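Have a look at the structure below before the remarks.
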């Protein structure tokens, strides 16, 4: 093999070795940071440091290490946002379904918002409140009290998520007349991801 080619291969091999060393160092640094527990204890040695939040001088980190840490940080943030969005959608769907079980208490959106707010504070209290609403709903039904509705409200323009879902629910009832208004609303809410997300977004704007 020509000496010049051999020299280039050797140089390439050295660069690869150096890069592997940098990556190993990056992974080691990341694992060390992960081993830090909430009380400042090091998972590898058990040593406890009474400190505030760990502050890292990024200017002193190896560029490869820094890039690896930043990429992982972005991934964790993205995953956290996705999980939060899924949890919010799931909670809203559950509360819409529960509100559909107590049609005599009030508008399904009002009841579901109430249940969701209480459940975020305490799941146990949320269940107790729901049980109370079910009991009240049964008493109202037994008394044949009229339910209030907003049909013909001139303030409605058909653009909100609630109005769109209600319109779709009425169409659904044409093919499934056995469904109550609340049950039809809940079914549309569960099956239409776009309207579900619009509802959640509008609900947040009102908070």
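Once R0 is set to 22 Å, what does the formula 1/(1 + (r/R0)^6) return for the Cβ-Cβ distance between residue 25 and residue 76, expressed as a FRET efficiency to the nearest 0.05?
According to the calculation, E is roughly 0.60.
Could you list 132, 69, 95 so that the one with the fewest beta carbons within 10 Å of its beta carbon is first and the one with the most is last?
132, 69, 95
How far is it, in nm, from the label point at residue 131 to the one at residue 171 when both lie 7 Å from their Cα along the line to the Cβ?
4.1 nm
Can you give me the orientation-averaged projected area of the convex hull built on the Cα atoms of the stretch 97-150, in nm²?
3.5 nm²
Using 0.36 nm per residue, how much length does the chain from residue 163 to residue 202 gain when fully extended, once their Cα-Cα distance is taken away?
Extra length from residue 163 to residue 202 when fully extended: 12.8 nm.
Read-outs throughout are calculated quantities, based only on the coordinates presented, and are distinct from any laboratory measurement. This one's a predicted model, so the numbers in the text were calculated from it and none came from an experiment. Virtual Cβ from ideal backbone geometry, glycine too; neighbours counted across all protein chains shown.
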